[in-house]
1. Among the helices (runs of 4 or more DSSP H) confined wholly to the stretch 94-202, which include 3 or more residues that are in contact with a Leu (Cβ under 7 Å, 6 or more places away or on another chain) and at negative phi?
2. Could you check, for the stretch 73-85, whether at least one of its residues is touching a His at 6+ places or on another chain (Cβ under 8 Å) and either surrounded by 17 or more Cβ atoms within 10 Å (Cβ to Cβ) or not in a loop (DSSP other than H, G, I, E, B) (or both)?
3. Using the structure shown, decide if Gln260 is assigned to a helix (DSSP H, G or I) and either modelled with pLDDT of 95 or more or closer than 30 Å to Ala101 by Cβ (or both).
4. Looking at Val211, Val160, can you tell me which residue is in contact (Cβ under 8 Å) with a residue 40 or more places away in the chain and under 30 Å from Gly66 (Cα atoms)?
5. Does the stretch 229-256 hold any residues that are assigned to a loop (DSSP other than H, G, I, E, B) and surrounded by fewer than 16 Cβ atoms within 10 Å (Cβ to Cβ), and which are they?
6. Given the condition among the charged types (D, E, K, R), at pLDDT 95 or above and within 16 Å of Leu219 (Cβ to Cβ), answer yes or no: does some residue in the stretch 145-152 qualify?
7. Working only within the stretch 199-218, note down all residues that are in contact with a Gly (Cβ under 8 Å, 6 or more places away or on another chain) and not hydroxyl-bearing (Ser, Thr, Tyr).
8. What are the pairs, 6+ residues apart or on separate chains, where a residue within the stretch 109-137 that is free of Cβ contacts under 8 Å to residues at least 12 places away in the same chain and closer than 21 Å to Gly168 by Cβ has its Cβ under 9 Å from a residue that is of a type in the set (S, T, N, Q) and part of a helix (DSSP H, G or I)?
Amino acid sequence: MRPMFKAFVVMDVALVLIVVGVFAVQRSLLFPAVEETLPASLPLGIVRLDVDGQFALYLEPTVSIGSVDGRPAAMDVVLFFHGNAEVAWWSVASFDELRAAGLGIVLAEYPGYGGNPGKPSAETMVGSGLSLYDEVVSWPEVRHIYVFGRSMGGGVATSVAAGREVSGIILASTFTSLHRLVYQKWLPAFLLRDRFDSEDIVASLDTPVLVYHGTQDRLIPLEHGRQLAAAANDGWLLVNQCGHNNCPIPSAEIISWMAQYHGRGSRSGSQLKTH
């Protein structure tokens with residue numbers, strides 16, 4: 001075998017091994033499955049939900065929603081999906097203002113995260129989210145359900161919205177598609193097993209979409225947020241001077257946005273609002 005030809009063969013084999021290696025470990029990189037477990041005792045007003053072998057957290061409203069004939073009055077619920085390097089428990093305090101406005105908050109936890117069994121992937125995370133939605137929608141007091149996804153959780157939230165009826169979608173610091181983001185990072189996007197095509201999903205729905213993004217986000221550039229809002233049939237864009245991990249939840253703006261619809265679905269026409 002000629003030396004040059006032999007060198008090419010060695011390079012080809014090395015490339016194949018690299019490709020196989022990247023394909024094999026990508027999910028451990030994308031979904032690091034933080035294993036921090038829940039505290040032994042949960043604070044008052046926080047309830048552990050167990051649905052299909054996975055746990056989630058229900059944060060009760062901190063104001064009375066009243067009752068009718070001895071049953072809780074109608075209540076709106078936000079189903080929240082966190083980022084890939086977090087656990088649901090870390091987000092509890094972020095929702096104090098929404099709970100004080102009478103909203104119930106359900107924090108989804110992913111397979112493999114926080115002590116949950118299983119392994120995370122787009123399929124298992126979305127499947128768990130759909131099961132959680134089915135549980136929440138069965139509660140007699142629930143009137144409307146909104147899905148809210150941050151970062152990687154935006155891909156899960158839009159996928160759940162594609163499979164279930166929701167009153168609105170809130171997307172914070174997330175991507176148009178994971179495939180596009182990986183490609184922009186000069187990584188081998190063609191090897192990606194979990195794509196999360198959020199832009200295509202919001203474009204196919206009539207559901208109102210509120211996009212919240214930081215102007216200083218270096219991980220997922222603001223361009224992604226702008227394109228998500230523009231792609232939605234009823235898209236609203238809210239920007240803030242923050243990065244990827246330090247954007248506070250815009251509670252007052254979310255409440256105002258919900259009030260535009262009273263949770264009853266989209267108005268007709270395509271529009272983009274910039275606040």
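1. On the way: elements: 96-100, 122-137, 152-163, 178-184.
Per the criteria, 122-137, 152-163, 178-184.
2. We begin by selecting, within the stretch 73-85, every residue touching a His at 6+ places or on another chain (Cβ under 8 Å); these are 76-77.
From what's left, either surrounded by 17 or more Cβ atoms within 10 Å (Cβ to Cβ) or not in a loop (DSSP other than H, G, I, E, B) (or both): 76-77.
Yes, the conditions are met somewhere in the stretch 73-85.
3. Details: assigned to a helix (DSSP H, G or I): yes; either modelled with pLDDT of 95 or more or closer than 30 Å to Ala101 by Cβ (or both): yes.
The answer is yes for Gln260.
4. On the way: Val211 fails: under 30 Å from Gly66 (Cα atoms).
Selected residue: Val160, the only one of Val211, Val160 that is in contact (Cβ under 8 Å) with a residue 40 or more places away in the chain and under 30 Å from Gly66 (Cα atoms).
5. As a first pass, look at the stretch 229-256 and keep what is assigned to a loop (DSSP other than H, G, I, E, B): 232-233, 241-250.
Across the stretch 229-256, the qualifying residues are Gln241, Gly243, Asn245, Asn246, Pro248.
6. Step one: of the stretch 145-152, the residues among the charged types (D, E, K, R) are 150.
Adding the requirement that they be at pLDDT 95 or above leaves 150.
Next, from what is left, pick out any that are within 16 Å of Leu219 (Cβ to Cβ): 150.
Checking the stretch 145-152: at least one residue is among the charged types (D, E, K, R), at pLDDT 95 or above and within 16 Å of Leu219 (Cβ to Cβ).
7. Keep residues of the stretch 199-218 that are in contact with a Gly (Cβ under 8 Å, 6 or more places away or on another chain), which gives 202, 206-214, 216-218.
Across the stretch 199-218, the qualifying residues are Val202, Asp206, Pro208, Val209, Leu210, Val211, His213, Gly214, Gln216, Asp217, Arg218.
8. Short answer, once both residue conditions are applied: none.
The values are calculated or read from the model by the stated rules, or taken from the named source; none is laboratory data. Just so we're clear, the structure is a prediction, and the values are computed from it rather than from any experiment. Reconstructed Cβ throughout: ideal geometry from the backbone, glycine too, with neighbour counts over all protein chains shown.
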